[in-house]
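Engineer: This is the structure I have questions about; it appears just below.
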Amino acid sequence: MKKVFWTKFIVITAVATLFNACASTTDYAQFGKTGQSYAQAINKLLDATKKVSIDSSSEKLLRNRATTPQERERYYKRTKMTDQEWLDLLSQMQVHTNLLSKYFERLQALATSDSPQRAQDETEKLVGNLSMIGNKIRTKTFFQTGGVLPPIANLVVKAHVRSSLKAELQVRQATIQAELVTQEKVLALIKDELKRQLTDLQKNQEERLLYKPYVNNPEVPQADLFVSDRSRILTLSTTIPELDQATTVSGELKNAFSDLIDGKLNLARVNLLLSDIQSLLEVAQQLKTVNEKPPLQQ
């Protein structure tokens, strides 16, 4: 009887351990997929940011025309230089985001792959490239205004996961956390710049396309275009409140990664993160079309 009891106890313990291991591995795989979804949303936001930035800068060029050709030339070149530095940061951020997406893909592979050694070998080179582009971003003038990275400590990998995944996290978790902090800081910077650019864009387009044509002409030329432009311009800044909320997602991803390592991440938290990522996608789509003129009815 005692032998039967211990046999049952061992079997139940083994099944429970196996369940915990599978659940933890599933959590890591799901987080890897979530990270890839995050990267897709960030890339769309970066594309939209480039367009808004150039539109806002172009409106400033039209508004702030100096008196002499020489002064206008100097102002144009200064503006172009500032624009190029900002666009370079956004482009490097896209490279950084794509590498981070590939890391999340590798994390998913380490959690599920039958050949973890190959995934480990690929991950080592990938993380090296990610760290290198992260260092380049952190030397940018725009980034440095946001301060230095906080100290990052390694966490104990508490979850029951396969040894290859555990080894990967123990070796490189601090690097990934640092790059997630970089994402968080750049996204906060982008949010602030976008808010300023949208406000400037609205003010300058209202002056050029609405106020002057309305005040300086007995009749408004192209009245249908005036109505269309007025609707578009006066709603340019309505994206700003949604932008504030959506751009917190990088910090949430960083915290979720720490909780994952610490064995505290649950499915409800992942689903909430996915919902926030979807909100970011929607904001990126709004920004992409915010300054597009709708076709006029003939």
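No lab work stands behind these numbers, since they all come straight from the coordinates. Since the model is a prediction, treat every value here as computed from it, not as a measurement. Here the Cβ is made from the backbone with ideal geometry for all residues, glycine too, and neighbour counts use every protein chain on show.
Engineer: What does region 22-143 give for Rg and for Dmax, in Å, if only its C-alpha atoms count?
Structural biologist: Rg, Dmax (Cα atoms, Å): 20.5, 72.
Engineer: Ok, one more. Which loop-located trypsin sites (Lys or Arg not before Pro) does region 209-286 contain, where loop means any DSSP state but H, G, I, E or B and the Cβ has at most 13 other Cβ atoms within 10 Å? Could the numbers behind the result be given before it?
Structural biologist: Working: sites: Arg230, Arg232, Lys254, Lys264, Arg269; in loops: Lys264.
Qualifying residues, ordered by number: Lys264.
Engineer: Another question, then. For the pairs Lys140/Lys185; Lys80/Lys185; Lys60/Lys140; Lys136/Lys191; Lys77/Lys136, flag any whose C-alpha to C-alpha distance is greater than 18 Å.
Structural biologist: Working: Lys140/Lys185 12 Å; Lys80/Lys185 24 Å; Lys60/Lys140 24 Å; Lys136/Lys191 20 Å; Lys77/Lys136 24 Å.
The pairs that break the limit, which is 18 Å between Cα atoms, are Lys80/Lys185; Lys60/Lys140; Lys136/Lys191; Lys77/Lys136.
Engineer: In which sequence would Phe226, Phe31 go, from the one with the fewest C-beta neighbours within 10 Å to the one with the most? The partial results should precede the final answer.
Structural biologist: Values: Phe226 15, Phe31 23.
Exposure proxy ranking, most exposed first: Phe226, Phe31.
Engineer: Let me ask something additional. Which ³J(HN,Hα) values in Hz, rounded to whole numbers, follow from the phi angles of region 170-180 under the Karplus curve 6.51 cos²θ - 1.76 cosθ + 1.60, where θ = phi - 60° and Gly and Pro get x?
Structural biologist: Listing the rounded values in order: 5, 7, 10, 4, 5, 5, 5, 4, 5, 6, 5 Hz.
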